[in-house]
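None of the figures in this text is laboratory data; all of them are computed from the coordinates on show. Given the structure is predicted, the values throughout are model-derived calculations rather than measurements. Every residue, glycine among them, receives a Cβ derived from its backbone with ideal geometry; neighbour counts consider all protein chains shown.
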Amino acid sequence: MTTIKDNFDGINKQIMDTAISCGRKPDTVQVIAVSKRKSVETVMKGIQAGAKHFGENYIQEAIEKINIIGKEGICWHFIGHLQSNKAKFAVKYFEYIHTVDTLKLAKEIDKQAKKIDKIQKILVQVNIGKEETKSGTGIEEAIELTKQINTFENLSLQGLMCMPPYFSDPEKARTYFKLLVLIKEKIIARKMDNASMEHLSMGMSNDFKVAIEEGSTMVRIGTSIFGKRD
């Protein structure tokens, strides 16, 4: 029976090996431990194991956890679909919002961030596989959306996020990761003021090694750290 610490150490080792093998520094890849549907007690075990970045998908559940666990030494990432009417909570509780996919949502996040004098770090989510069941802006629309986001004073565009279709063979996800890199490069070429574009949030438990080989800086790992969903 492996512990959360064993799992977390194992993931870090795989990240280190993968990064080194493709000529990257391991510390350029951040593990986001996906703690949705996990108890406070389980998250605390993750913290004890050394995890500092946690990803949550549901606002209400996240608020309850963050109120107990706090933000001291912990970085919270919102990685689920965000409705505009919940933007104020996301801004209050999360350092990063990975799932901005419409101008309406960006506008609301900017408005709520302004109220509390915060520069909100965001990523634009791209529906890279054009799947109807997934959120994200269209591939063609992504660059236009980032251009509009750049006009908001209280948003800092940190990069892009994607969730390719699920494949049992992770190699098949590579094309999608390459495409996200291409979109990122086109955005960087526009030299926007509020867009550092340093992050690519891509890769999950089954395909994170391929994502790292293609340039991911944030891998979102849930099952491989915490085990099967409760």
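Within the listed set 169, 101, 17, the residue fluctuating most in the Gaussian network model of the chain (springs between alpha-carbon atoms under 10 angstrom) is 169.
Listed by chain and number, the aspartates and glutamates whose C-alpha is less than 18 Å from the C-alpha of residue 65, apart from same-chain residues fewer than 8 away, are 41, 56, 95, 230. Among 14, 120, 30, the residue with the largest mean-square fluctuation in a Gaussian network model of the chain, with springs joining Cα atoms closer than 10 Å, is 14. A full extension of the chain between residue 75 and residue 21 corresponds to an added length of 16.7 nm, given 0.36 nm per residue minus the alpha carbon distance.
The alpha carbon centroids of region 160-201 and region 11-51 are separated by 20 Å. Pairs with C-alpha atoms separated by more than 30 Å, drawn from the list 5/130; 130/209; 134/172; 52/184; 86/172, are 5/130; 86/172. Using the Cβ atoms and a cut-off under 14 Å, what net charge is assigned to the surroundings of residue 123, where Lys and Arg are +1 and Asp and Glu are -1? Overall, the nearby charge balance is 0.
Membrane-span-like helices of the chain, defined as complete DSSP H segments with a Cα extent of 20 Å or more along the helix axis and a mean Kyte hydropathy of at least 0.0, are identified as 174-188. A Stokes-Einstein calculation at 4 °C with viscosity 1.567 mPa s, built on the Kirkwood radius of region 8-69 over Cα pairs, returns a diffusion coefficient of 101 µm²/s. Of 42, 146, 133, the residue with the greatest mean-square motion in the GNM of the chain, using alpha carbon springs below 10 Å, is 133. Taking Lys and Arg as +1 and Asp and Glu as -1, the other residues whose beta-carbon sits under 13 Å from that of residue 95 total +3.
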